[in-house]
Amino acid sequence: MQEINVKIFREANTIAIPEYATPNSSGVDLCSTMYCIVKPGEQALIPTGIKIAIPEGYEAQIRPRSGLALNQKITIPNTPGTIDADYRGEIRVLLRNDGDEALTLRFGDRIAQMVFVPVVRAKFEEVKVLDDTKRGSGGFGSTGLR
């Protein structure tokens, strides 16, 4: 499995350094550093207390935790959130409560997961006509429902 070196700064010693839960986990959990109540239909920007330096050629994606999504209908509206390699600010997570009950967050609660992925940049070449395909300009639902 490929590894990259990511430098991390913690706002306080009580903030855990993210770890992989299992040998095959693709993401690390991010935790809340504040007490907060997110009421149904509301969203909140939750600090994690960490800053990272991602190597050039990579990005970090912030994704919802499946358990929060399934059990409490908590999601991240801008999924996946992107952290660029040149960003050095605190990682914060925008959570939205789509459930019927308030979510109470405390210091150390796991709120999202972070996955590191390679970045491929496009070099755009302007043309007068694009190659034709069987699908053509068919958009949403054009390939069938199943």
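The values are calculated or read from the model by the stated rules, or taken from the named source; none is laboratory data. Small disclaimer: the values here were computed from a predicted structure and weren't measured. Neighbour counts are summed over all protein chains in view; Cβ atoms, including those assigned to glycine, are modelled from backbone coordinates with ideal geometry.
Just to be sure I understand the filter: pairs with C-beta atoms under 6 Å, separated by 6 or more residues or on different chains, first member in segment 106-133 and at positive phi, second member modelled with pLDDT of 95 or more and outside any loop (DSSP other than H, G, I, E, B). Which pairs pass?
Going by the 6 Å Cβ cut-off, the qualifying pairs are GLY108/CYS31.
Considering each of GLY136, GLY141, GLY99 in turn, give the residue that is in a loop (DSSP other than H, G, I, E, B), surrounded by 10 or more Cβ atoms within 10 Å (Cβ to Cβ) and not aromatic (Phe, Trp, Tyr).
Every option except GLY99 fails the conditions.
Yes or no: segment 9-31 includes at least one residue that is outside any loop (DSSP other than H, G, I, E, B) and surrounded by fewer than 14 Cβ atoms within 10 Å (Cβ to Cβ).
Scanning segment 9-31 turns up at least one residue that is outside any loop (DSSP other than H, G, I, E, B) and surrounded by fewer than 14 Cβ atoms within 10 Å (Cβ to Cβ).
Being within 11 Å of the chain's Cα centre (by Cα) and either free of Cβ contacts under 8 Å to residues at least 60 places away in the same chain or surrounded by 14 or more Cβ atoms within 10 Å (Cβ to Cβ) (or both) narrows it down to one residue among LEU94, LEU45; which is it?
Sole residue among the options that is within 11 Å of the chain's Cα centre (by Cα) and either free of Cβ contacts under 8 Å to residues at least 60 places away in the same chain or surrounded by 14 or more Cβ atoms within 10 Å (Cβ to Cβ) (or both): LEU94.
Filter segment 53-62 down to the residues that are in contact (Cβ under 8 Å) with a residue 40 or more places away in the chain and surrounded by fewer than 20 Cβ atoms within 10 Å (Cβ to Cβ) and list them by number.
ALA53, PRO55, GLY57, TYR58, GLU59, GLN61 - these are the residues of segment 53-62 that are in contact (Cβ under 8 Å) with a residue 40 or more places away in the chain and surrounded by fewer than 20 Cβ atoms within 10 Å (Cβ to Cβ).
Only residues that are more than 10 Å from the chain's Cα centre (by Cα), more than 25 Å from GLU56 (Cα to Cα) and hydrophobic (A, V, I, L, M, F, W, C): list them for segment 66-91, please.
LEU68, ALA69, LEU70, ILE74
Restricting attention to segment 50-69, report how many residues are closer than 12 Å to ILE111 by Cβ and in a loop (DSSP other than H, G, I, E, B).
2
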